[in-house]
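Student: Let me give you the structure first, and then I'll get to my questions.
The values are calculated or read from the model by the stated rules, or taken from the named source; none is laboratory data. Small disclaimer: the values here were computed from a predicted structure and weren't measured. No Cβ is skipped: glycine too gets one built from the backbone with ideal geometry, and neighbour counts run over all protein chains shown.
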Amino acid sequence: MTNILENKREGLYCPAGDFFVDPRGKVERAVITHAHSDHARAGHNYYLCSDSCLPILQIRIGTKAKIESVPFGKRTKIGSAYVSFHPAGHILGSAQIRIEVKGEVWVVSGDYKPQTDRTCEAFEVVSCNGFISECTFGLPVYQWADEQLVHNEINHWWRENAENECPSLLFAYSLGKAQRVLAGLETEGRPVFVHSAVHSFLTHYEQAGVKFPKLQKVERGIDYNFSNSMVIAPPAVEDSTWVRKMKKAKKGFASGWMSIRGAKRRRNLDRGFVLSDHADWHGLLEVINGTGADRVLLTHGNGDALVRFLRETGKDASMLEGASVRGEEEE
Ligand SMILES: [Zn+2]
Ligand SMILES: [Zn+2]
């Protein structure tokens, strides 16, 4: 596939360093871009990730796993390959992996976004010969608004619901999106509740300097009066008895997928907030061009439009064979 990376059944493999990036199955050595479950799987013998990814990865795959971490930007030699981690701006600790063998450089992006996000390290453009890029939202229709505008929309919605004494139940993926939504809330003295799946990551975000409003974890078996509160929960609990009991609740969902017509109606939601942790169309182009890479391989999405566009600008672009089509489905 390339001079320094092979596309194997388990995933991207670097023979010079004898390691895989975000592998499936069971491998000896796994280099992990970030702790989302479609990238970080349990069962490998050894893991390498970024320092701020480590405690989150331990929550995801357990503390028994052998995990080592390195600071962003530090060059590590694995076999005859030089490996370093660079911020991907996707969730806390998310990294692009730079791999250099005999002077040739490839970067595996993992999931990324160049847009601002106060809950994770800012994206860094890394020069390379070849770039393996996700393209979850690789169509020109995907264009994200400034994140503060989306936070304002959420806060406005909450205020309105509170005035009508309806709880605001906002679904967001438990790792990354939920923390991003929380960090943007203006409580004006109203209570904030979070589901335990969201709560488990909060201390690590706080240790990284992220500020959250005062909040309460929802405990099993307790009847709460949610009245004018904001409740943040993962979409997986949508049909639970706990949610069904919140009869007066207005339901919202924060996701890039909310930009698709009909997505809100299909899920029976009152509001959809378009907030994504992936690059939009312009973000993808800006980053891909910024790397200066001549070769581009796309994964995580339907990249046909982007492949065509990049080829017209003279790049050697194609889809990575066997690449997954879905992205941003974490639960
Ligand atoms: Zn992800
Ligand atoms: Zn992903």
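Student: Could you figure out which of (1) free of Cβ contacts under 8 Å to residues at least 60 places away in the same chain; (2) outside any loop (DSSP other than H, G, I, E, B); (3) away from ligand 2 (no atom under 16 Å from the Cβ) isn't true of N7?
Tutor: Among (1) free of Cβ contacts under 8 Å to residues at least 60 places away in the same chain; (2) outside any loop (DSSP other than H, G, I, E, B); (3) away from ligand 2 (no atom under 16 Å from the Cβ), the lone unmet condition for N7 is (1).
Student: Take the conditions small (G, A, S) and part of a strand (DSSP E or B) and apply them to S52. Does it pass? Walk me through it before giving the result.
Tutor: On the way: small (G, A, S): yes; part of a strand (DSSP E or B): no.
When the stated conditions are applied, S52 does not pass them.
Student: Those residues that are crowded, with 24+ Cβ neighbours inside 10 Å, under 27 Å from L185 (Cβ atoms) and polar (S, T, N, Q), I need them from the stretch 78-125; list them, please.
Tutor: S94
Student: Considering only the stretch 163-183, state which residues are farther than 21 Å from E238 by Cα and of a type outside the set (D, E).
Tutor: The answer is N164, A183.
Student: If you go through the stretch 101-111 one residue at a time, do you hit one that is free of Cβ contacts under 8 Å to residues at least 60 places away in the same chain, away from ligand 1 (no atom under 16 Å from the Cβ) and of a type in the set (D, E)?
Tutor: No.
Student: What residue, among those in the stretch 222-245 that are modelled with pLDDT under 90 and of a type in the set (A, V, I, L, M, F, W, C), is nearest to the chain's Cα centre (by Cα)?
Tutor: Once the filter is applied, the top-ranked residue is V243.
Student: Tell me the strands (runs of 3 or more DSSP E) entirely within the stretch 72-123 that contain at least 1 residues that are within 14 Å of ligand 2 (Cβ to nearest atom) and not polar (S, T, N, Q).
Tutor: Values: elements: 76-78, 81-87, 95-101, 104-108.
Result: 95-101, 104-108.
Student: A further question on this structure: Could you say whether any residue in the stretch 140-147 is touching a residue at least 24 places away in the same chain (Cβ under 8 Å), within 16 Å of ligand 2 (Cβ to nearest atom) and under 24 Å from the mean Cα position of the chain (by Cα)?
Tutor: Yes, the stretch 140-147 has at least one match.
Student: Here is a further query. Taking the criterion of being under 24 Å from R244 (Cβ atoms), surrounded by 24 or more Cβ atoms within 10 Å (Cβ to Cβ) and under 16 Å from the mean Cα position of the chain (by Cα), would at least one residue in the stretch 191-204 satisfy it?
Tutor: For the stretch 191-204, residues under 24 Å from R244 (Cβ atoms), surrounded by 24 or more Cβ atoms within 10 Å (Cβ to Cβ) and under 16 Å from the mean Cα position of the chain (by Cα): present.
Student: Could you tell me which residue of the stretch 17-49 is farthest from ligand 1 (Cβ to nearest atom), considering only residues that are surrounded by 19 or more Cβ atoms within 10 Å (Cβ to Cβ), small (G, A, S) and over 17 Å from the mean Cα position of the chain (by Cα)?
Tutor: Only one residue fits best here, namely G17.
Student: When the residues of the stretch 252-272 are filtered to those that are in contact with a helix residue (DSSP H, G or I) (Cβ under 9 Å, 6 or more places away or on another chain) and part of a helix (DSSP H, G or I), which remaining residue is surrounded by the fewest Cβ atoms within 10 Å (Cβ to Cβ)?
Tutor: Among residues in the stretch 252-272 that are in contact with a helix residue (DSSP H, G or I) (Cβ under 9 Å, 6 or more places away or on another chain) and part of a helix (DSSP H, G or I), the one surrounded by the fewest Cβ atoms within 10 Å (Cβ to Cβ) is A263.
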